[in-house]
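Just below is one structure, and these are the notes that go with it.
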Amino acid sequence: MKKIILIVGIGAIALLILIQLVPFGRQHTNPPVIQEPNWDSQQTQALFKRACADCHSNNTNWLWYTNIAPFSWLIQRDVIEGRSRLNLSECGVARPGREGDEGDEGGEGGEGWEGGGEAGEMVLSGEMPPIQYTLIHPEARLTTAERQALAQGLAKSPCQ
C-alpha cells in the first residue's frame, strides 16, 4: 500500500512539473488604457478597481501564482473572457465580432453606457465578482450596500 501511495505521489509531482511546460497562461499583458468611463464618483471607481478591474480592465494585477499551471490557465482564460465581455479601459472602442457591439456609447444626461445596466445586474445578483475570484481575493467581496452602490455607479458612469 505504501508503495502505491509513493508511486502515485511521484506521478502527481511529475505531472505538475510537466504541465509547467504548456505555454498557455503566461501571456500576461496589460495593453494601454485607452479611455476609462467618466466615473460618477470616486466610490464607484474604487469599488470597480477592488472587485472587477483584474478581469474587466487593462490593469490586471498578475500575481505570482498566475505563472503556475494549472492556475495560470484558469486565470488567463478568465481575464481573456472578462476583457472580451466588458473592458472599462477601452471605453468607446468598438470591438468587431462582439454581438451587438457598435462601441460603448455614452448616454445622455448620465444615463450611462450600453452594458452598464447589465453589468450592474450581474453585480447585484452576486454573479460578479465570481466565487473563484473572491476566494483568493477577499478584498473583492462586496457587502450588499457596496453591490448596490457599484451597480448604480456603473449605470451612471458614461463610457464615451
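The values are calculated or read from the model by the stated rules, or taken from the named source; none is laboratory data. Since we're looking at a predicted model, the values are computed, not measured. Here Cβ is always computed from backbone atoms with ideal geometry, including for glycine, and neighbour counts include all displayed protein chains.
Looking at (1) surrounded by 14 or more Cβ atoms within 10 Å (Cβ to Cβ); (2) among the aromatic types (Phe, Trp, Tyr); (3) part of a loop (DSSP other than H, G, I, E, B), which is the only condition Phe24 fails?
(1)
Can Leu124 be described as in contact (Cβ under 8 Å) with a residue 60 or more places away in the chain, surrounded by 14 or more Cβ atoms within 10 Å (Cβ to Cβ) and under 16 Å from Leu47 (Cβ atoms)? Steps first, please.
Numbers: in contact (Cβ under 8 Å) with a residue 60 or more places away in the chain: no; surrounded by 14 or more Cβ atoms within 10 Å (Cβ to Cβ): yes; under 16 Å from Leu47 (Cβ atoms): yes.
Considered against the rule, which asks whether it is in contact (Cβ under 8 Å) with a residue 60 or more places away in the chain, surrounded by 14 or more Cβ atoms within 10 Å (Cβ to Cβ) and under 16 Å from Leu47 (Cβ atoms), Leu124 comes out as no.
May I ask you to list the residues in the stretch 51-73 that are in a helix (DSSP H, G or I), touching a residue at least 40 places away in the same chain (Cβ under 8 Å), closer than 25 Å to Arg147 by Cα and out of contact with any helix residue (DSSP H, G or I) (no Cβ under 6 Å at 6 or more places or on another chain)?
Hit for the stretch 51-73 is Asp54, nothing else.
Could you tell me which residue of the stretch 27-59 is modelled with the lowest pLDDT, considering only residues that are among the hydroxyl-bearing types (Ser, Thr, Tyr) and exposed (fewer than 15 other Cβ atoms within 10 Å of the Cβ)?
From the stretch 27-59, those among the hydroxyl-bearing types (Ser, Thr, Tyr) are 29, 41, 44, 57; that's our starting set.
Still in the running and exposed (fewer than 15 other Cβ atoms within 10 Å of the Cβ): 29, 41.
Details: Thr29: 86, Ser41: 95.
Looking at residues that are among the hydroxyl-bearing types (Ser, Thr, Tyr) and exposed (fewer than 15 other Cβ atoms within 10 Å of the Cβ), I get Thr29.
Filter the stretch 97-142 down to residues that are farther than 22 Å from Leu74 by Cα, modelled with pLDDT of 50 or more and not charged (D, E, K, R), then give me how many there are.
Of the residues in the stretch 97-142, 8 are farther than 22 Å from Leu74 by Cα, modelled with pLDDT of 50 or more and not charged (D, E, K, R).
When only residues in the stretch 74-96 that are in a helix (DSSP H, G or I) and polar (S, T, N, Q) count, which is surrounded by the most Cβ atoms within 10 Å (Cβ to Cβ)?
The initial filter retains those residues of the stretch 74-96 that are in a helix (DSSP H, G or I), namely 74-85.
Then keep just the ones that are polar (S, T, N, Q); that gives 76, 84.
Details: Gln76: 19, Ser84: 12.
Checking each candidate, the answer is Gln76.
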